[in-house]
């Protein structure tokens, strides 16, 4: 398997899933990934929360700073005392101070300031220490730290209180994936081990991706190959939940397939909190296209158990145990990897949508 | 079907009568065992698990009714079991310990009872055996030491067969996706059996508790299949013999007392229930909505991965056969479905289904470990069955963890904190 692991280290979806794994309790001898955040007492407070600046900050900030009124960090990590609060953002590479990403960074820096616990709804706590931390691809942290330094100074010069910032750089060589961070980041996050830290051993010709908690995020820019992998995982999970729904139901079964439910099941409920309605619409279309392909592969008598209704979408109608058994047997033969994981899907007008 | 037995069961209409019937029956068999000639089969019990979600739990009559089996109520928690299919009559009794756990008592011959229970479980996604892995038995063995005098005799059966060392039909269940064979072993022991060269170990050890206590740890270190305990006897405190617990929840009464038999089943069931609760509490993954701030916007991920770490890496061939046999065949020992996503020569990801309970499970399988992510709602039994099968067919010395906690210590804590309860 030819794969450039350093290119994978730039994939924000890989970074996000890796960051989640870094918070997971694992066996003491590091079977898969060294959970550095977990060992430091940091756990996930929230995945992809939509946060807004308080009105009194917004009213002044908009006149002086090029920032947004809301932002959505990829993860919020927190220690058990809720003193250390880390807004974690995954990025492929650094960005300039005039870019759109810099607007988001200014907003997140403001949010990571003393107002951080208020923004998260935890009440005012002057002891808390907020940090905006970027998980970033290889050879990018130097540049990004310069950018963040400039943005932080700009915020201070305009009379606001930004939070701390830092970068954790992910890179790989032939045998290991390593995290590098400054001494300041180590202290701010109370990390137990000095940088560089080897977190994952690599096997020859083996893709290091861990099991993905979040298989797909329409807001994340990925390469075609990465997108194909994410879609494959998403489709496998949709099929998985389709099979478990039917397998666990008592006959007779008469149910409409809700694409939203499947998308929520497949993404641990993340789908419902994504803020991008257009992307969600695309995703629902993607799943409906997949369901259409599933319908197309079914053979009689299983084919008769699934049909499309213009108003409500796909209906599964299974009358008895024999029909259920045959339907499940055929579902289990489906291979999503051969079913258009790389096709582009655009939403179209005048088509049913079971949204809401 | 034994007509006499069916008539006998039919005439029992109270709990007291059932206890007296099985007590007397067990005493007679014990006498016969002393003479090495039993005239009728021993009493055996089968510990069964129903779904844990109280909203999805069904009444026992409904659970068995789905398979065409009739339950006749004796009291609040005890039922006669009548199977009119295929000329079967009264098969025994079922006692409801809790809405989640049932036990089926019978004096039918092993071959009939085993196959009847096996089919019952196979045909019902609402029922499963309880699964006592080698790791669990190793902890229960410590409880046997505490409970029994050192001069009492204990019986242990060790079963391990590396069925994935070669590709063969043996990797498939014999029929209908059986989860265990009649003799509780996957070993082929027939004159006509194909000559297969792979590791297969089946030992029965009967000795004084003091002797086994002194030697077992050392023997296990020397020969790993001895970690794969698949049957353990709890000696009876009342007299000779005891209660043989098997890895699939079958318990054979080799003592002269049925009440003592039932007490031991209750004891192990309580340990299992506690283990199940602890496993599910730790392992279940979900996004929990924080109650503060904007409702529904804060999603906190809770749960812990299940890791099974192999003592020695599997060879490439064994790994390939394991994946091919499990995910390439509709009928497979692990009763899993999934399309492996190949990430390397010895690494695959599977977003799969536990086909017995029809629940999702995400798996990373490599030649060094198995990692499972278990979404909330997937029964803890899926994890226990997985560990049981890994020890039996892949690596007897495998260690299991829920998050950073060793599974063995979870079993140990579960068994230490059991108190006598009057709830059942």
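Taken together, the values in this text are just the output of simple stated rules run on the coordinates, not laboratory data. Owing to the predicted nature of the structure, the values given are computational and were not obtained by experimental measurement. Cβ sites come from the backbone with ideal geometry, for glycine too, and all protein chains shown count toward neighbours.
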Original post:
Projected area of the range A:244-297, taken from the Cα convex hull and averaged over every viewing direction, in nm²?
Top reply: 4.4
**OP:** Would you order A:46, B:67 from fewest to most other beta-carbon atoms within 10 Å of each residue's own beta-carbon?
**Re:** B:67, A:46
Original post:
What is the list of residues in the range B:82-96 whose amide nitrogen lies under 15 Å from a point 7 angstrom out from the Cα of residue B:72, following Cα to Cβ?
Top reply: B:82-85, B:88-94
Original post:
Length gain on complete extension for the stretch residue B:417 to residue B:4, per 0.36 nm per residue less the alpha carbon to alpha carbon distance?
Top reply: 144.4 nm
Original post:
What residue among B:271, B:302, B:394 has the largest mean-square fluctuation in a Gaussian network model of chain B, using Cα springs under 10 Å?
Top reply: B:302
**OP:** Assuming R0 = 45 Å, can you tell me the calculated FRET efficiency for the pair residue B:115 and residue A:228, based on Cβ-Cβ distance, to the nearest 0.05?
**Re:** 0.45
Subject >> Value in Å of the Kirkwood radius, where the range B:3-129 supplies the Cα pairs that are averaged >> reply: 15.2
**OP:** Take A:39, A:284, B:80 and order them by how many other Cβ atoms sit within 10 Å, fewest up front.
**Re:** A:39, B:80, A:284
Subject >> Potential lengthening between residue A:250 and residue A:29 on full extension [0.36 nm per residue; Cα-Cα distance subtracted] >> reply: 75.2 nm
Subject >> Binned Cα-Cα distance frequencies in the range A:193-266 - 5 Å width, integer % >> reply: 3, 11, 17, 17, 15, 12, 10, 7, 4, 3, 1, 1
Original post:
So for A:169, A:236, fewest C-beta neighbours within 10 Å to most, what's the order?
Top reply: A:169, A:236
Subject >> chain B: relative contact order as a whole-number percent, Cα under 8 Å and 6+ apart >> reply: 18
Subject >> Whole-number D in µm² s⁻¹ for the protein assembly as shown, Kirkwood Cα-pair radius fed into Stokes-Einstein, 20 °C, 1.002 mPa s >> reply: 75
**OP:** Using only alpha carbon pairs under 8 Å that are at least six residues apart, calculate the relative contact order of the range A:135-262 and give it in whole percent.
**Re:** 15
**OP:** Give the Cα extents of chain A along the principal axes, in whole Å, largest first.
**Re:** 70, 50, 36
Original post:
Roughly speaking, what is the stretch gain from residue A:278 to residue A:4, that is 0.36 nm per residue apart minus the C-alpha to C-alpha distance, in nm to one decimal?
Top reply: 95.5 nm
Original post:
If you bin every alpha carbon distance in chain B into 20 Å steps from zero, what whole percent lands in each bin?
Top reply: 25, 58, 16, 0
Original post:
Roughly what would the spin-label model give for residue B:259 and residue B:223, points 7 Å off Cα along C-beta, in nm?
Top reply: 4.2
Subject >> Cα-Cα pairs of the range B:361-400 separated by more than 12 Å (percent) >> reply: 61
**OP:** Let me have the 222 nm mean residue ellipticity of chain B computed from DSSP H runs of 4+ only, each contributing -39500 (n - 2.57), with the sum over all residues rounded to the nearest 500.
**Re:** -10000 deg cm²/dmol
Original post:
Going by alpha carbons, how many degrees (0 to 90, nearest 10) lie between the helix axis of B:407-416 and the longest principal axis of chain B?
Top reply: 40
Original post:
How large is the helix-only mean residue ellipticity at 222 nm for chain A, computed as the sum of -39500 (n - 2.57) over DSSP H runs with n ≥ 4, divided by its residue count, in deg cm²/dmol to the nearest 500?
Top reply: -11000 deg cm²/dmol
**OP:** Once you've got the GNM for chain B with C-alpha springs shorter than 10 Å, pick whichever of B:243, B:349, B:129 has the biggest mean-square fluctuation.
**Re:** B:349
**OP:** At q = 0.21, 0.23, 0.24 Å⁻¹, what is the base-10 log of I(q)/I(0) for the range B:81-143 according to the Debye formula with one equal point scatterer per Cα and no solvent? Please give it to two decimals.
**Re:** -1.01, -1.12, -1.16
**OP:** Quick one: plug the Kirkwood hydrodynamic radius of the range A:5-211 (C-alpha pairs) into Stokes-Einstein at 25 °C, 0.890 mPa s, and report D in µm²/s.
**Re:** 142
**OP:** Hey, could you get me the Stokes-Einstein D for the range B:282-414, Kirkwood radius over alpha-carbon pairs, 25 °C and 0.890 mPa s, rounded to whole µm² s⁻¹?
**Re:** 156
Subject >> Cα→Cβ-extended label distance, 7 Å offset, between residue B:27 and residue B:153, nm >> reply: 2.3
**OP:** Determine the relative contact order of chain A: mean sequence separation of Cα pairs under 8 Å and six or more apart, normalised by residue count, in whole percent.
**Re:** 15
Original post:
Quick one: helix B:209-222 against the long Cα principal axis of chain B, what's the angle to the nearest 10°, folded into 0 to 90?
Top reply: 30
Original post:
Which residues in the range A:171-191 have a backbone N closer than 20 Å to a point placed 7 Å from the Cα of residue A:203 along the Cα-to-Cβ line?
Top reply: A:172-178
Subject >> Angle between chain A longest axis and helix A:100-111 axis [Cα atoms, degrees, rounded to 10] >> reply: 70
**OP:** Evaluate the distance, in nm, between pseudo-label points positioned 7 Å from the Cα of residue B:302 and of residue A:295 along their respective Cα→Cβ axes.
**Re:** 3.9
Original post:
Gaussian network model of chain A, Cα springs within a sub-10 Å range: biggest mean-square fluctuation belongs to which of A:302, A:105, A:19?
Top reply: A:302
